[in-house]
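The values are calculated or read from the model by the stated rules, or taken from the named source; none is laboratory data. Quantities reported herein were computed from a predicted structural model and do not represent experimental measurements. Here the Cβ is made from the backbone with ideal geometry for all residues, glycine too, and neighbour counts use every protein chain on show.
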Amino acid sequence: MISLPGAPHLAYTQNRLTLDGMDLQALGAQYGTPLYVYSAAAMRTAAQAYLQALQGRPHLLCYAMKANSNLAVLQLFARMGLGFDIVSGGELQRVLAAGGQAAKVVFSGVGKTRAEMVLALHSGVRCFNVESEAELRVLSEVASRENLPARVSLRVNPDVDARTHPYISTGLKGNKFGVAHDRALALYAQARTLPGLQVVGIDCHIGSQITETDPYLDALDRVLDLVEAVEAQGTSIHHLDLGGGLGITYTDEQPPSAQALVGAMLQRIDARGHGHREIFLEPGRSLVGNAGVLLTEALYLKPAQADELAQGGRHFCIVDAAMNDLMRPALYEAWMGIVECVRHPADTVASQTWDVVGPVCESGDWLGRERPLAVRAGDTLAVLSAGAYGMTMASNYNTRGRAAEVMIDAGSVHLVRERETPAQLFAGERLIR
Ligand code: LLP
């Protein structure tokens with residue numbers, strides 16, 4: 001058995017790739033491709049690491065469900081007692097449909113609508129993470145009108161560099177997120193006087209796919225400075241929401257473990273005398289990313305001829321998954337591992353460098369470039385670490401139905417989302433006379 005880096009639940013057994021012991025090529029054949037496959041055990045293990053690190057102190061672990069919002073995934077985490085970090089009314093409805101509790105939900109996002117606020121207030125969410133003065137005023141107005149108090153935290157922007165991709169870095173001054181650190185004190189004072197609001201905490205999230213501990217500690221220090229100043233003003237802060245963002249291993253990244261990161265943060269919190277506060281965390285990717293793969297079939301091989309190669313031609317492996325199924329490579333030039341589900345004996349199929357591309361009509365439609373693969377048409381490939389920001393970012397571009405999703409749990413395979421049919425895609429459209 002050969003294990004793969006960053007994915008302890010994936011292994012080659014006699015040259016066949018398995019996830020929790022299930023043969024992936026066989027799953028692809030049974031359910032069709034493109035197919036997302038998740039390991040429930042891998043998700044539970046990842047959540048357990050956070051829970052262990054938080055043991056013995058008041059906490060709320062809120063899964064940032066934008067990473068993967070399949071109902072079965074939410075159900076799994078809800079059963080472990082997790083709460084959820086949501087960014088829309090739609091996400092709240094998913095939480096409720098999956099059996100999650102609104103009382104364990106924090107509502108983040110820069111653009112909450114009045115209708116979403118009403119829904120969240122009536123559902124009884126734990127806290128609104130407010131991101132601007134304008135939002136604070138609207139929330140006060142809505143909560144007063146509905147006669148339901150809104151518990152609020154201000155999301156502060158600590159102006160630290162998370163040293164990650166600019167599209168997923170959120171804690172710098174130039175980002176649209178949160179309230180500037182030097183404005184936060186005045187805004188807390190204002191929050192205290194506005195009707196309908198109850199200040200309960202402070203919130204901070206500096207970015208995603210963060211692979212170092214230092215940016216977290218820098219942000220934490222800034223947040224604690226602010227907590228001290230806010231409390232000196234007479235407003236008490238019950239909880240510290242320290243966001244999500246812990247990275248995973250796609251290739252050779254070596255992020256701290258959840259235990260190490262949370263341990264370091266708690267140590268700093270205690271050292272500064274804030275150990276009595278409830279700790280909220282909002283991890284997304286690190287709970288689900290390495291628990292999933294995207295299976296795709298190689299449809300056609302389109303190797304470049306020698307003369308074409310000399311002029312910049314490339315070898316293309318055209319697969320049935322595309323940027324609409326998995327957008328990360330096209331959007332962020334993200335590197336995601338791609339491996340064969342069945343390894344051919346070396347003397348039958350030679351390994352060659354392929355650009356793995358989808359059928360969508362865009363040059364940006366690629367899943368991986370210059371990947372060494374021993375592949376034949378009809379083979380199944382697996383894109384690794386696809387459990388986070390894969391399916392949730394999928395679209396219907398080119399009128400492609402979204403992929404099916406299955407979850408492996410305790411030796412059984414569950415179809416947790418059916419493949420979308422073209423008829424479903426245009427069911428809401430109308431012809432005109
Ligand atoms: N909390 C807030 C307020 C967030 O905005 C996010 C992610 C999280 C928590 C969870 O962060 P995580 O633990 O997953 O890093 N689509 C991008 C990632 C966007 C992240 C957006 N916010 C990607 O595929 O890399």
For the stretch 119-135, which positions are of a type in the set (A, V, I, L, M, F, W, C) and under 23 Å from L60 (Cα atoms)? L119, A120, L121, V125, C127, F128, V130
Among T380, T348, T392, T296, the single one that is out of contact with any Pro (no Cβ under 8 Å at 6 or more places or on another chain) and closer than 18 Å to L27 by Cβ is T380
Kindly indicate whether any position in the stretch 256-264 is over 20 Å from T45 (Cα atoms), away from the ligand (no atom under 11 Å from the Cβ) and out of contact with any helix residue (DSSP H, G or I) (no Cβ under 8 Å at 6 or more places or on another chain). no
Enumerate the strands (runs of 3 or more DSSP E) found wholly within the stretch 324-394, keeping only those where 3 or more residues are under 21 Å from G313 (Cβ atoms). 352-357, 366-373
Taking the conditions exactly as written (closer than 18 Å to T249 by Cβ and surrounded by 24 or more Cβ atoms within 10 Å (Cβ to Cβ)), does N290 satisfy them or not? yes
When you go through (1) away from the ligand (no atom under 16 Å from the Cβ); (2) touching a Leu at 6+ places or on another chain (Cβ under 6 Å); (3) farther than 16 Å from E297 by Cα one by one for T353, which number turns out not to apply? (2)
For the stretch 138-151, does any single residue satisfy the condition of being within 19 Å of D241 (Cβ to Cβ), surrounded by fewer than 18 Cβ atoms within 10 Å (Cβ to Cβ) and more than 15 Å from the ligand (Cβ to nearest atom)? yes
Looking at this structure, is G111 within 22 Å of the chain's Cα centre (by Cα), modelled with pLDDT of 95 or more and away from the ligand (no atom under 16 Å from the Cβ)? no
Give the residue that is farthest from the ligand (Cβ to nearest atom), with candidates limited to residues of the stretch 307-350 that are under 28 Å from A11 (Cβ atoms) and exposed (fewer than 14 other Cβ atoms within 10 Å of the Cβ). D347
Any residue at all in the stretch 392-404 that's closer than 21 Å to K302 by Cβ and either within 16 Å of the ligand (Cβ to nearest atom) or exposed (fewer than 14 other Cβ atoms within 10 Å of the Cβ) (or both)? no
Check whether at least one residue in the stretch 269-283 is out of contact with any Phe, Trp or Tyr (no Cβ under 8 Å at 6 or more places or on another chain) and at pLDDT below 95, and report yes or no. no
Failed criterion for S363 (all others in (1) without any contact (Cβ under 8 Å) to a residue 24 or more places away in the chain; (2) closer than 20 Å to A29 by Cβ; (3) of a type in the set (S, T, Y) hold): (2)
Name the residue that is surrounded by the most Cβ atoms within 10 Å (Cβ to Cβ), counting only residues in the stretch 211-241 that are within 13 Å of G201 (Cβ to Cβ) and hydroxyl-bearing (S, T, Y). T235
If I filter the stretch 223-237 for residues that are at pLDDT 95 or above, in contact with a strand residue (DSSP E or B) (Cβ under 8 Å, 6 or more places away or on another chain) and within 16 Å of the ligand (Cβ to nearest atom), do I get at least one hit? yes
Within the stretch 278-288, identify whether any single residue is more than 16 Å from the ligand (Cβ to nearest atom), within 21 Å of the chain's Cα centre (by Cα) and within 24 Å of L19 (Cα to Cα), and answer yes or no. no
Is it the case that G247 is within 13 Å of the ligand (Cβ to nearest atom), within 30 Å of R155 (Cβ to Cβ), free of Cβ contacts under 8 Å to residues at least 60 places away in the same chain and in contact with an Asp or Glu (Cβ under 8 Å, 6 or more places away or on another chain)? no
Quick check on the stretch 173-208: of everything there that is within 13 Å of the ligand (Cβ to nearest atom), more than 14 Å from A134 (Cα to Cα) and not hydrophobic (A, V, I, L, M, F, W, C), which residue is modelled with the lowest pLDDT? N175
